[in-house]
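Readers should treat all values here as calculations from the given coordinates under stated rules, not as data from a laboratory. Just so it is clear, the model here is predicted, and its values are computed rather than measured. All Cβ positions, even for glycine, are placed from backbone atoms using ideal geometry, and neighbour counts span all protein chains on display.
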Amino acid sequence: MYIIVVGGGKVGYYLAKELLEAGHELVILEKNAGRARQIADELGSIVLNRDGCEGKYLAEAGANRASIICAVTGDDDDNLVVCQMAKHHFDVPRTIARVNNPRNEDLFHHLGVDEIISPTRMALASIEQDIPVHELLHLAQLKGGEMELVEAQIAEGSPALGRKPTDINLPEGSSLFLLLRGNNVQPVRPDTVFQAGDKVLAVAKGETGEDVLRRELIGDNEPVVSAS
Amino acid sequence: MRAVIVGCGRVGAGLAERLARAGHEVTIIDLNSDAFSRLEPDFPGQAIRADGTDEDVLRRVGTDTADWFYALTEGDNRNAFAAQMAAESFGVDNVVAKINDPVRAEAYTDLGIATICRTRLLVDALARYSGLPADPGADGVRRADRPHDHHAPSTVTGLGNRVEPVQQES
C-alpha cells in the first residue's frame, strides 16, 4: 500500500517508522529543511523537503496513486487543506487528519475528511477516566463519528438504580450492551438490574442518543469534568 | 449589512475601512494587535484580537448573523479553513477567501468557495500591461462554480456559495 504522510513532526516520524516496519511504501512531506534531513538520516530517503499543501508537490509525491494520505502537522488548517486537495484533486481514497482543536472535528468530517485523530480528545478521555465523574465517558467514535461508544457509571442517585434495561426507553440506534460490575464483565441482559457502582458500556447515536443516555443512566448530577 | 473580516493586513484593513465608511457594520479580527495600527484612529468598526480560525471566536463575534465573511490573512490554508467554517458551521451566504497559490485557489473555487488570487491578478495585470491578452479567469473574485446548500448532509464533500458584488452605497 502506498501512503503519503504530510508533516514530519513527532507524530509523522513515528507513524512513518511503524508503517515502514510493517512493510508499507511511503513518503513523508516535510517543509522544514532541517527536520527533513534529520528524518532522512534516521529513516532513509523517504522524505521530500516540500510543502504538502501545494498541489504541485503532492503530484510530485505521487498522490494520484496513493491509497492513504495522513495529514499530521501541528496546524489544523494545513491538515484540512492537505486532505481536501488529496481527495478532490487526486482522488486519494482515504484521508486521515490530525485535529488539534476538538471543536474542529465535526467540520472536518463534514468537509469530507475520512478519519480523524484527535490527541486532545484522547488526553481528555484519559483524564476523564482517572477522575470519578458523573458524565458520559467518550471511549471511541464509530462509523466516522456518527455513533459514539460511551461508558456511564451508575452512581447513587442515578435514575437507573434498581431498574432493568427494558425499563429504559432508548432512541433508535442507541443501545446498552456491556455491564462492568466489580471484576466481572457481562452482557447487559433483559433481566439485569442496575446497581450503584455498575459501569455500562453503550452505543449512542448522535447527540439525542447521548442526551437520553445521560438522563436515564446518570441523572441531573453536576458534571465534575466536562469534555467541552 | 454586517461583515466579518479575518486578517488585518493591508488588504483586510483597507477593505474594513471602505466597508465601514460606507455605513456597514464591520468586525475585523487579527491575532496580532499591532496589525490594527493599519486602521485609521477613528475606524468606525470593531477590531478584535483573536484567532479567526477558532470556531468559538467566530461565534463570539456573531459570524452566524454576518452577511459577508472575508478570510484575508497571509496564510492560504488559514483562509481556506476560516472560509469553510463560516460557510459550513455558521451558514454565511457570501464568503470569500484570499488564496494566493493559483492551484489551491482553483481547487477551492471548484469546491464552492469564492476566491481571490493575488498572484493571478498581478500576473494578469502585468501581462496585459505588456500587451498580452487578458486571462479570463483573473478578473477579480472568482465565483464558486456551484451553489451551496449549508444544510446538506454530511456526505457533502465540498461547499458552494453565491456571491453578489458588494452594493455601492450611494
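Once the Cα-Cα distance is subtracted from the 0.36 nm per residue extended length, the A:R65 to A:D191 segment shows a gain of 40.0 nm. Every Cα-Cα pair of the range B:46-101 was included, and the share exceeding 16 Å stands at 33 percent.
Working from label points 7 Å from Cα in the Cα-to-Cβ sense, the A:A125 to A:F177 distance is 1.5 nm.
Between B:L132 and A:E146, what FRET efficiency comes out of the Förster formula 1/(1 + (r/R0)^6) with R0 = 35 Å and r the beta carbon distance, rounded to 0.05? About 0.10, to the nearest 0.05.
If R0 is 35 Å, what FRET efficiency do you get for A:E115 and A:R215 from their C-beta distance, rounded to 0.05? The pair A:E115/A:R215 has a calculated efficiency of 0.70.
Only beta bridges with both residues in the protein assembly as shown are counted; by DSSP, about 35 percent of them are antiparallel.
Tell me, what is the FRET efficiency for B:D93 and A:T208 to the nearest 0.05, using R0 = 25 angstrom and their Cβ-Cβ distance as r?
Details: r = 29 Å, r/R0 = 1.14.
Step by step, r from the Cβ atoms, then E = 0.30.
Give me the inter-chain shielding for B:70-82: mean count of other chain Cβ atoms within 10 Å, whole number please. Could the numbers behind the result be given before it?
Working: counts 0, 0, 0, 1, 0, 5, 5, 13, 5, 2, 7, 12, 1.
Mean partner-chain Cβ count within 10 Å for B:70-82: 4.
Evaluated at q = 0.08, 0.12, 0.13, 0.17 Å⁻¹, a Debye calculation over the C-alpha positions of chain A (equal weights, vacuum) places log10 I(q)/I(0) at -0.40, -0.74, -0.80, -1.06. Label-point separation (nm) for A:E42 and B:A50, each offset 7 Å from Cα along Cα-to-Cβ? Between A:E42 and B:A50, the label points sit 3.8 nm apart.
Candidate cross-link partners of A:K17 among the aspartates and glutamates, defined by an alpha-carbon separation under 13 Å and a same-chain spacing of 8 or more, comprise A:E25, A:D41, A:E42.
Kindly rank B:82-91, B:28-37, A:49-58 from highest to lowest mean number of other beta carbons found within 10 Å of each residue. Before the final figure, lay out the partial values.
Values: B:82-91: 24.1, B:28-37: 17.6, A:49-58: 20.8.
Highest to lowest by the protection proxy: B:82-91, A:49-58, B:28-37.
Inter-label distance, A:N169 to A:R103: 3.6 nm, where each label sits 7 Å from its Cα along the C-beta direction. If you wrap the protein assembly as shown in the convex hull of its Cα atoms and look at it from every side, the mean projected area works out to 25.0 nm². Pairs of Cα atoms in the range A:1-121 fall into 5 Å distance bins, from 0 up to the last occupied one, in shares of 2, 13, 25, 25, 20, 11, 3, 0 percent. Within a straight-line Cα-Cα reach of under 22 Å, A:K164 can be paired with the following lysines, leaving aside sequence neighbours fewer than 8 residues apart in one chain: A:K199, A:K205.
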